Amino acid sequence: MNHDSTIKGIEAGEKYDGSGLRIAIVHARWNAAVIKPLLEGCVRKLVNEYGVKTKNIIIESVPGSWELPGHCQTLIRKGYGSYNAVIAIGVLIKGKTMHFEYISEQVSSALMNLSTETSTPVIYGVLNVLNDEQALLRAGVGEGGHNHGEDWAAAAVEMGIKTKVWI
Ligand code: DLZ
């Protein structure tokens, strides 16, 4: 029995038009074998399903997940509100030390604070997993996997549009 299989996931909702949006993606380079399919799935969905123009998708990388909040903040501030949403992508895999717990907690809070303080949707594309297998399945690699990068694209477009109405 596959204990990873549950009823989790976003309900299919309204189909949003992302053709007028500018989206920034900041991804970590740690665990690149997982980051790559997540990033590809995310961009593919933004372009093919939501009509976001390739020229309006800005992709930057940082060394690891720890650096995600700082660089997302830089882009939001230096971009002077020109990004309708920022997607932070990282993969944290639990090891034998407390490293995972410290980074995971801090990065999560920092991304949430950044989003609420700047009124810019910051999409939480950080996987916090116990092992490589869990990470790969969530990047759509392997049987029964699902690419969470696609869900982050959907969240970015929906929140980008919803926020645009108010700002
Ligand atoms: C150091 C480190 C470790 C051990 N594990 C990960 C990880 O699983 N995922 C990740 O994104 N980054 C990891 N890093 C790197 C840190 O996030 C950070 O880049 C460095 O500590 C430099 O600040």
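One table, with the values for the structure above:
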| read-out | value |
| --- | --- |
| Any hit, the range 10-28, residues being touching a Gly at 6+ places or on another chain (Cβ under 6 Å), surrounded by 14 or more Cβ atoms within 10 Å (Cβ to Cβ) and either at pLDDT below 95 or among the aromatic types (Phe, Trp, Tyr) (or both) | no |
| Residue in the range 48-61 that is surrounded by fewer than 21 Cβ atoms within 10 Å (Cβ to Cβ), touching a Leu at 6+ places or on another chain (Cβ under 9 Å) and among the acidic types (Asp, Glu) present | yes |
| Test: residue in the range 29-38 that is free of Cβ contacts under 8 Å to residues at least 40 places away in the same chain, outside any helix (DSSP H, G or I) and within 16 Å of the ligand (Cβ to nearest atom) | yes |
| Selection within the range 88-114 - within 7 Å of the ligand (Cβ to nearest atom), of a type in the set (Gly, Ala, Ser) and free of Cβ contacts under 8 Å to residues at least 60 places away in the same chain | GLY95 |
| Any pair with Cβ under 6 angstrom, 6 or more apart, that starts in the range 53-72 at a residue that is among the acidic types (Asp, Glu) and ends at one that is assigned to a strand (DSSP E or B) | GLU60/VAL26 |
| Residues of the range 95-139 classified as touching an Asp or Glu at 6+ places or on another chain (Cβ under 8 Å) and not polar (S, T, N, Q), total | 1 |
| Yes/no for ALA139 being within 15 Å of the ligand (Cβ to nearest atom), of a type outside the set (Asp, Glu), in contact (Cβ under 8 Å) with a residue 60 or more places away in the chain and under 22 Å from LEU46 (Cα atoms) | yes |
| Check on VAL62, of a type outside the set (Asp, Glu), under 30 Å from GLY20 (Cβ atoms) and out of contact with any Ser or Thr (no Cβ under 6 Å at 6 or more places or on another chain) | yes |
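The values are calculated or read from the model by the stated rules, or taken from the named source; none is laboratory data. This one's a predicted model, so the numbers in the text were calculated from it and none came from an experiment. Using ideal geometry, Cβ is built from the backbone for each residue, glycine included, and neighbour counts are taken over all protein chains shown.
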